[in-house]
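Notes follow the structure.
The values are calculated or read from the model by the stated rules, or taken from the named source; none is laboratory data. The structure displayed is predicted, hence computed values, not measured ones. When we count neighbours, we look across all protein chains shown, and the Cβ atoms used for this are built from the backbone with ideal geometry, even at glycine.
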Amino acid sequence: MQKTESYMRALRCRECGREYPLTATHVCEFDFGPLEVVYDYDLIQRRLTRAALASRPQTMWRYRELLPVVDEPTVGLQVGFTPLIKADRLARRLGIRELWIKNDAVNYPSLSFKDRVVSVALSRSRELGFDTVACASTGNLANSVAANAASAGLRAYVFIPSDLEQGKILNSLIYGARVIGIRGHYDEVNRLCAEIAGKFGWAFVNVNMRPYYAEGSKSMAFEIVEQLGWQVPKHTVVCMASGSLLTKIRKGYEEFLKLGLAPETEHRIHGAQATGCSPISTAHKAGLDFFKPVKPDTIAKSLAIGTPADGFYALKAIKETGGAAEDVTDDEIREGMRLLAECEGIFAETAGGVTVGVAKKLIAAGVIPAEDSAVLCITGNGLKTLDAVTGCVGQPREIKPSLREFEALVANEETVTA
Amino acid sequence: MPPRSRTSGATKAAPDARPQQSRLWLTYPAKLIKRPVLWELTQKFPVVTNIRQASITDKIGIVCLEFDGRRADIKAAIKWLEKLGVKVEPVEFNVIES
């Protein structure tokens with residue numbers, strides 16, 4: 001493998017600013033604040049130009065200088081550069097001049113944006129000498145770790161609550177991952193997973209590898225800017241679970257502005273949650289800079305985090321960019337999923353329904369003005385959450401093997417729709 | 001005298017008797033903010049608490065601390081806190097992601 005230059009400088013505490021070496025560590029020893037990767041932007045500015053990018057493959061790794069690996073990446077080389085679709089039909093339905101869909105429902109290989117963060121975490125894990133990777137997850141993260149680890153020949157441990165639905169378990173077992181179900185209530189399982197992460201010398205992607213892992217989300221922002229013709233969108237709507245994706249979309253936009261890859265423009269980042277798990281949007285609407293933990297009760301399982309680790313930073317990012325936060329009910333989530341599918345042919349998971357539903361609300365309220373342009377970030381595929389819409393999208397109509405009966409059905413349908 | 005092997009000397013401590021450190025976030029509901037919960041905890045359980053960050057308002061109390069003690073005592077202390085209504089999470093908050 002070709003040895004290349006590192007553009008990373010250090011890990012830095014987001015609370016106190018203390019710096020640490022670029023190892024597998026994630027919290028500041030002083031105040032336990034989260035660590036984040038800092039880069040040598042002067043060096044990056046000399047290397048990462050629009051001209052240099054033009055000749056690179058269309059994957060997330062075309063922005064390698066701004067992703068936390070030292071050598072060339074080794075895991076998930078095809079991840080990213082998902083379509084950015086101009087959604088004219090949905091724009092008309094929502095009442096906005098211009099609308100774009102960033103479609104990570106077709107991200108490779110596991111059909112969610114998690115492939116971005118996982119490919120970064122696993123590439124960095126290999127650089128640091130790990131041969132075993134792990135995560136604790138109830139869905140998309142587990143699938144992505146299992147799939148990407150399999151393709152890279154890494155051993156994978158996936159920890160899940162023991163009562164998780166069979167379908168979600170199969171999506172990890174098929175790749176040969178060691179799936180461990182843990183009995184107990186959620187907080188107990190969560191604390192045990194943290195202990196396991198601390199005790200075993202593995203690369204736990206969302207624990208000791210988290211500073212690197214989280215950086216992968218920035219690639220979604222880089223792609224949006226490039227695909228819009230080097231423009232940062234005025235409005236971006238992002239769903240929030242831990243809040244990490246929203247903060248990294250902002251970091252991605254601001255890195256491109258800092259490097260002069262896009263002109264300075266106003267960019268507001270709006271956060272979307274399900275009403276059944278809305279600690280961040282509730283806090284924002286109440287004008288608070290902290291959130292209260294909640295017990296999740298929503299069909300949007302991939303957003304069901306009652307104590308969002310990056311909630312404080314997401315609130316800050318929304319406020320500082322002049323964005324808003326809103327939430328939608330389960331019925332509004334299903335309606336959002338249908339709208340996206342019927343207007344644009346995109347079947348998103350429930351989190352996508354949250355994003356569309358919140359965008360609809362913000363446009364109707366004038367928070368996103370009708371004459372503006374907006375990007376909606378869709379993070380996962382609808383095939384993963386079929387249960388959420390089962391029984392809500394109609395039934396096939398049955399007929400006998402008779403042409404006359406079919407003609408009658410069509411005639412009746414045309415009368416109804418006329 | 002031949003050197004003792006690593007395992008022949010002392011008996012190995014049972015897992016729950018081993019000393020450990022736990023880094024935790026405690027979130028207090030408003031009704032507990034005036035109660036000296038951590039003082040009570042150290043009277044009841046032989047654990048050492050070391051606060052690293054805290055933010056207290058009239059609506060919520062959030063404390064980030066380190067517990068030092070035997071595993072069994074830390075587990076019992078956490079159980080007592082949860083019974084009072086304090087939410088106890090690892091320093092990473094949600095390790096289980098979607």
* Asked: Residues in segment A:325-356 that are surrounded by 24 or more Cβ atoms within 10 Å (Cβ to Cβ), more than 17 Å from the chain's Cα centre (by Cα) and among the small types (Gly, Ala, Ser): how many?
  -> 1
* Can you name the residue in segment A:95-151 that is more than 17 Å from the chain's Cα centre (by Cα) and in a strand (DSSP E or B) and is also farthest from the other protein chains (Cβ to nearest Cβ) among such residues? -> A:GLU98
* Hey, any hits in segment A:263-273 for a residue that's at pLDDT 95 or above, within 23 Å of A:GLY380 (Cβ to Cβ), within 14 Å of another protein chain (Cβ to nearest Cβ) and touching an Asp or Glu at 6+ places or on another chain (Cβ under 6 Å)? -> yes
* Out of segment B:12-37, which residues are more than 18 Å from B:ALA72 (Cα to Cα) and assigned to a helix (DSSP H, G or I)? -> B:ALA30, B:LYS31, B:LEU32, B:VAL37
* Name the residues in segment A:201-255 that are under 13 Å from A:THR321 (Cα atoms), free of Cβ contacts under 8 Å to residues at least 40 places away in the same chain and either within 11 Å of another protein chain (Cβ to nearest Cβ) or in a loop (DSSP other than H, G, I, E, B) (or both), would you? -> A:VAL232
* Asked: Scanning segment A:285-312 for residues that are in a loop (DSSP other than H, G, I, E, B) and hydroxyl-bearing (Ser, Thr, Tyr), which turns out nearest to the other protein chains (Cβ to nearest Cβ)?
  -> A:THR307
* Those residues that are facing another protein chain (nearest Cβ under 9 Å) and of a type outside the set (A, V, I, L, M), I need them from segment B:62-82; list them, please. => B:CYS64, B:GLU66, B:GLU82
* Would you list the strands (runs of 3 or more DSSP E) that sit entirely within segment B:45-98 and hold 2 or more residues that are in contact with a Cys (Cβ under 9 Å, 6 or more places away or on another chain)? => B:48-56
* **Those residues of segment A:276-299 which are buried (at least 20 other Cβ atoms within 10 Å of the Cβ) and in contact with a Ser or Thr (Cβ under 8 Å, 6 or more places away or on another chain), in sequence order** => A:CYS277, A:PRO279, A:PHE291, A:THR298, A:ILE299
* Answer yes or no as to whether A:ALA152 is free of Cβ contacts under 8 Å to residues at least 60 places away in the same chain, crowded, with 17+ Cβ neighbours inside 10 Å and over 30 Å from A:LEU228 (Cα atoms). => no
* Structure fact -> In segment A:26-42, residues that are within 14 Å of another protein chain (Cβ to nearest Cβ) and among the β-branched types (Val, Ile, Thr) total 1
* **Residues that are among the small types (Gly, Ala, Ser) and in a loop (DSSP other than H, G, I, E, B), drawn from segment A:269-284** => A:GLY276, A:SER278
* Asked: Does A:ALA317 count as under 18 Å from A:LEU246 (Cβ atoms), touching a His at 6+ places or on another chain (Cβ under 6 Å), surrounded by 20 or more Cβ atoms within 10 Å (Cβ to Cβ) and more than 13 Å from chain B (Cβ to nearest Cβ)?
  -> no
* Qualifying positions in segment B:83-98 - more than 7 Å from every other protein chain (Cβ to nearest Cβ) and either closer than 10 Å to B:THR27 by Cα or touching a residue at least 40 places away in the same chain (Cβ under 8 Å) (or both) -> B:LEU84, B:GLY85, B:VAL86
